[in-house]
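The structure appears below as structure tokens.
The values are calculated or read from the model by the stated rules, or taken from the named source; none is laboratory data. Quick caveat, the model's predicted, so the values are computed rather than measured. With ideal geometry, Cβ positions are generated from the backbone for all residues, glycine too; neighbour counts draw on all protein chains shown.
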Amino acid sequence: MSKCGSERKNIDIESLNERVRKAGMKLTQQRTQMLKILLEQPDPVSADEIFKKIDDKSGGMDLVTIYRILKKFEEAAIVSRLEFGDGVARFELALESGHHHHHVICRQCQRVEPIHICDLDQHIKMVETMGYKQVSHRLDFFGVCSRCQ
């Protein structure tokens with residue numbers, strides 16, 4: 001069972017910068033700014049939402065650059081890409097420990113809340129006995145939140 005809510009709160013900009021360096025990427029001003037924006041977000045955000053938060057004084061970024069950086073961060077397991085069936089990719093910081101969480105998404109207002117418990121260890125072990133390696137999974141719940149009811 002994975003509980004990662006408190007681990008998410010322990011992520012700081014220095015540990016993220018170190019993860020970028022370990023992934024073999026240069027720590028540019030644009031990458032640092034994106035890490036800071038992602039760190040400040042309580043919920044997964046889209047590239048468009050990141051674009052709106054970019055500080056023009058620090059060099060600014062266009063959407064193409066944001067998508068390119070997000071792709072590199074995703075490949076390096078620094079961010080997780082989330083898709084909730086509405087055609088919008090959202091991103092959040094990934095935990096270095098490999099722990100993860102799931103989400104519940106409101107069908108009406110698109111509110112996203114994390115679920116910090118995962119009890120699928122038996123399923124993962126079963127898949128591994130079938131010969132699969134590097135097994136991962138995603139589980140998202142959809143419903144109508146109490147605000148929209």
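Against the definition (within 13 Å of the chain's Cα centre (by Cα) and polar (S, T, N, Q)), how does Ser80 come out, yes or no?
Considered against the rule, which asks whether it is within 13 Å of the chain's Cα centre (by Cα) and polar (S, T, N, Q), Ser80 comes out as yes.
Of the conditions (1) in contact with a Ser or Thr (Cβ under 7 Å, 6 or more places away or on another chain); (2) at pLDDT below 90, Arg90 fails just one. Which one is it?
It fails just one condition, (2).
Considering only residues of region 108-146 that are closer than 20 Å to Glu49 by Cβ and not aliphatic (A, V, I, L, M), which is modelled with the highest pLDDT?
Only one residue fits best here, namely Cys145.
Which residue pairs have Cβ atoms under 9 Å apart, sit 6 or more places apart or on different chains, and have a first residue in region 138-149 that is within 30 Å of His123 (Cβ to Cβ) and a second that is among the basic types (Lys, Arg) and surrounded by fewer than 12 Cβ atoms within 10 Å (Cβ to Cβ)?
none
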